[in-house]
Amino acid sequence: MRDHDPHTYAVIGAAMDVHRILGPGFLEPVYQDALELELLDRGIPHVREAPLRISYKDRQLRSVYRTDFLCYERVVVELKAIRALTVREDAQILHYLRATGLHVGLVINFAEPSLKYQRFVL
């Protein structure tokens, strides 16, 4: 995958607009609502609280992860409203990617003075 993936850039741009307008200080569900509107306005295909199926030996497990958004049917997006991103959030998105076979993820934190995000590619 290229360093300048247009799909992740589009999602990050939408998140930047949400952060620019709302700023830090809200709980995660507020940012999730606002980002969903921004994704709709920009025509970015997405599923909110998308179920991520987990496979084991080529069989689907009953256990399902839910990500805040699945954009473009391939970008896992996890939103946070915490003081700072930590290795815990890194581990969460990497676990989602490994367990589902998807390859691209974003963790976006709205709680800091400027929007913070991390892009992960397996």
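The values are calculated or read from the model by the stated rules, or taken from the named source; none is laboratory data. Since this is a predicted model, take the numbers as computed values, not measurements. When we count neighbours, we look across all protein chains shown, and the Cβ atoms used for this are built from the backbone with ideal geometry, even at glycine.
Would segment 106-116 turn up any residue that is over 22 Å from ILE21 (Cβ atoms) and either surrounded by 14 or more Cβ atoms within 10 Å (Cβ to Cβ) or among the β-branched types (Val, Ile, Thr) (or both)? It would help to see each step written out before you state the result.
Taking segment 106-116 and keeping what is over 22 Å from ILE21 (Cβ atoms), we get none.
No: zero hits.
Counting only residues that are closer than 14 Å to PHE110 by Cβ and free of Cβ contacts under 8 Å to residues at least 24 places away in the same chain, segment 31-54 holds 2 of them. The residues of segment 37-50 that are closer than 16 Å to ARG74 by Cα and surrounded by fewer than 17 Cβ atoms within 10 Å (Cβ to Cβ), listed by number, are GLY43, PRO45, VAL47, ARG48, GLU49. Candidates GLU78, GLU73: the one that is acidic (Asp, Glu) and either over 19 Å from VAL121 (Cβ atoms) or in a strand (DSSP E or B) (or both) is GLU78.
Candidates in segment 1-52 are the residues that are of a type in the set (Lys, Arg) and modelled with pLDDT of 95 or more; of these, the one that is farthest from LEU70 (Cα to Cα) is ARG20. Can you tell me which residues in segment 18-29 are farther than 16 Å from VAL107 by Cα and part of a helix (DSSP H, G or I)? Within segment 18-29, ARG20, ILE21, LEU22 meet the criteria.
Per-residue answers, yes or no, for (1) within 18 Å of LYS116 (Cα to Cα); (2) surrounded by 13 or more Cβ atoms within 10 Å (Cβ to Cβ):
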{"position": "LEU22", "(1), (2)": "yes, yes"}
{"position": "LEU35", "(1), (2)": "yes, yes"}
{"position": "LEU52", "(1), (2)": "no, yes"}
{"position": "TYR56", "(1), (2)": "no, no"}
{"position": "GLN60", "(1), (2)": "no, no"}
{"position": "VAL64", "(1), (2)": "no, no"}
{"position": "PHE69", "(1), (2)": "yes, yes"}
{"position": "VAL75", "(1), (2)": "yes, yes"}
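Going residue by residue through segment 85-96, is there one that turns out to be among the charged types (D, E, K, R), surrounded by fewer than 15 Cβ atoms within 10 Å (Cβ to Cβ), in contact (Cβ under 8 Å) with a residue 12 or more places away in the chain and assigned to a helix (DSSP H, G or I)? Yes: one or more hits.
Applying a threshold of 7 Å to beta carbon distances and a minimum spacing of six or more residues, or different chains, the list of pairs starting in segment 109-122 at a residue that is in contact (Cβ under 8 Å) with a residue 40 or more places away in the chain and on the phi < 0 side of the Ramachandran plot and ending at one that is surrounded by fewer than 17 Cβ atoms within 10 Å (Cβ to Cβ) and of a type in the set (D, E, K, R) reads ALA111/ARG83. Taking the listed residues LEU61, LEU35, LEU106, the one that is of a type outside the set (Lys, Arg), outside any strand (DSSP E or B) and touching a strand residue (DSSP E or B) at 6+ places or on another chain (Cβ under 8 Å) is LEU35, with no other qualifying. Scan segment 56-84 for residues that are more than 17 Å from THR8 (Cβ to Cβ), touching a residue at least 12 places away in the same chain (Cβ under 8 Å) and not hydroxyl-bearing (Ser, Thr, Tyr) and the total you get is 6.
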